[in-house]
Structure formats: structure tokens, C-alpha cells
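See structure below.
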């Protein structure tokens, strides 16, 4: 079976992978900034986009997604955002990034106060730029859960 | 901005969208069957694949994913599986499907006993066949949560 899909790891970094990783990082910088304009620059503005915030139903299209960010940013306090365990896979003009989001309230402690979310971020290359077309985030397991069996 | 990405709804069904929806349905039939071979037929067997079961850390590559299905199926009881609110978007040889998984224990009641999961399923077209390359499922909100604000 031929493989148009290439997994990309740090040891095998291509310019495409670097550009996708940069687009993913820009999303988390926008999340940290709590600025809707900055967040807007990351997304494709199209009806095809979709978004699942943690524990939330799916939002369809950029208009709904933009309103959700306005609500989130209006109701959030300063936080720092980083991501761990980043994995990039590219298939032509489409890429998916999986990572663990680490969100710490401003002044909080990385170990005790961090919320960790498992994220799937899909990017499409449009006119040479990688734009976010789908985001799905959900709570990541705590340490004691890791020893248990997954249940789908 | 040009749009290589096409959202596909029921009113605008193409043969590609039908094929992707069929691949998505095959995944849920495999989940319902609790048969690893049936599940194996749905996935691309490649190191690029990834999977996030609900509340679980990410699994990388088909070998890890296959083991997780073996564990899940060995430890699960009969259930019925369906999906609601299916949305298909296609960009060339790549597609993402979002839907709500509805999992009901055998003999259970659809309303009271169903577990609902929000899912993102990514498919790649390889040699003309749509194969699952990434699955991310997480608990869907209950009714009372829908009135609250999303928190990312």
C-alpha cells in the first residue's frame, strides 16, 4: 500500500513540517494572548471549519468558532499556554498535529495548577499558508488513569 | 482566499462524500462488532496513524492502536453503536469526519444508558480507498452543559 502520508518527527524535519509546527505554535500563542484578532489570523475563514472545545459540542464554520473565542477570551483570566508531545503528519496540502496543551493560570504552578488537554489540530495549505481548519481538544488523562484500560 | 476544502452536507452529496461517509460508518460497524480483524480493515496500517480514545493519552502508529482495540474488545460487553450529527469535509485525498458516537450497552435504553462521544475521524485516500488515519473521541456534553460557556 503506497503512503502519501508522512509522519514527521524531530529527527526528520522538513520545511513543510517546520511550517506546520509554526502554524500550530501560532495557535497556542493566540490562545495565550486571549486576543480574537490574533486567533482569527490562525484560522481559515470558511464554512468548512469546525471546532470542539473541551467538553463542548461541535461548532461549525468560522462565524460560530469566532464567537466562541470571543466568549472564551471575555471570560478568561490571564494564563500561560504551552504544548508538549507534538506530533506532525503531512499529506500533501493537509496536515494534522496532535499534542498535549498545557494551560496554567497566571501566577499558578506548572505542576499543581496546569490543565492538560489532548488536542487534534488540522491544517490546510491555502495559497501557501497553513491555516487551521479543525480543532478538537479534550481533557488529558491524569497519571493514575494511564495504568487503566482505554474505553472507547 | 481559494478553498481547496469542501464542506459536504446531505443536500450536496458527491461520490467522494458518500465514500468517506461509508468509511466512517464501517468504523462504527467495526466498533460494534468488537472484532479486531474488522477494525483492522478500516485503518491504514502505518506508523503515521494515531488515536486518542476518550480520556486516554494518544497512541502512535497502527501497532499500538491495534493493541488498544484488542484490549478494548477483550474487556467490553456487547453494545450497539450509532453516530449522529455526521459532518464530512474533503480536501483532495484527505477528509475529516466529525460526529457524535452513541454507544448503548446491549439491552440498554437509548435515552438513559447511552454514552455519547464527540469524535474527529481523519481519512486518507490510498490506492482509491479511504482509510482511517486518526481517531479522537471525547465525552460529549450533557444537556445542562450546553447552556454554559465553553472553556478551552
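Against the condition within 21 Å of residue A:35 (Cβ to Cβ), modelled with pLDDT of 95 or more and not in a loop (DSSP other than H, G, I, E, B), how does residue A:135 come out, does it pass?
So residue A:135 fits the description; yes.
Restricting attention to segment B:84-97, and to residues there that are more than 14 Å from residue B:23 (Cβ to Cβ) and in a strand (DSSP E or B), which single residue is farthest from the other protein chains (Cβ to nearest Cβ)? Show your work before the answer.
Going through segment B:84-97, the residues more than 14 Å from residue B:23 (Cβ to Cβ) turn out to be B:84-85, B:87, B:91-92.
Okay, now just the ones that are also in a strand (DSSP E or B), so B:84-85, B:87, B:91.
Values: B:84: 11, B:85: 7, B:87: 7, B:91: 5 Å.
If we take residues in segment B:84-97 being more than 14 Å from residue B:23 (Cβ to Cβ) and in a strand (DSSP E or B), then B:84 is farthest from the other protein chains (Cβ to nearest Cβ).
Checking the conditions here, which among B:34, B:77 is more than 8 Å from chain A (Cβ to nearest Cβ), in contact (Cβ under 8 Å) with a residue 40 or more places away in the chain and farther than 22 Å from residue A:136 by Cα?
On the way: B:77 fails: in contact (Cβ under 8 Å) with a residue 40 or more places away in the chain.
Among B:34, B:77, only B:34 is more than 8 Å from chain A (Cβ to nearest Cβ), in contact (Cβ under 8 Å) with a residue 40 or more places away in the chain and farther than 22 Å from residue A:136 by Cα.
Each residue in segment A:61-83 was checked for being outside any helix (DSSP H, G or I) and closer than 23 Å to residue A:114 by Cβ, and 8 of them qualify.
Going by what's in this entry, would residue B:47 be described as over 13 Å from the mean Cα position of the chain (by Cα), touching a residue at least 12 places away in the same chain (Cβ under 8 Å) and within 11 Å of another protein chain (Cβ to nearest Cβ)? In short, yes. Going by the conditions given, is residue A:119 closer than 26 Å to residue A:19 by Cβ and more than 10 Å from the chain's Cα centre (by Cα)? No. Every condition in (1) over 16 Å from the mean Cα position of the chain (by Cα); (2) under 27 Å from residue A:121 (Cβ atoms); (3) modelled with pLDDT of 95 or more holds for residue B:8 except the one numbered (3). Taking the listed residues B:52, B:133, B:42, B:88, the one that is crowded, with 18+ Cβ neighbours inside 10 Å, touching a residue at least 60 places away in the same chain (Cβ under 8 Å) and more than 21 Å from residue A:49 (Cβ to Cβ) is B:42, with no other qualifying.
The values are calculated or read from the model by the stated rules, or taken from the named source; none is laboratory data. This structure is a prediction, so every number in the text was calculated from the model and none was measured. FYI the Cβ positions are ideal-geometry reconstructions off the backbone, even for glycines, and counts take in every protein chain you see.
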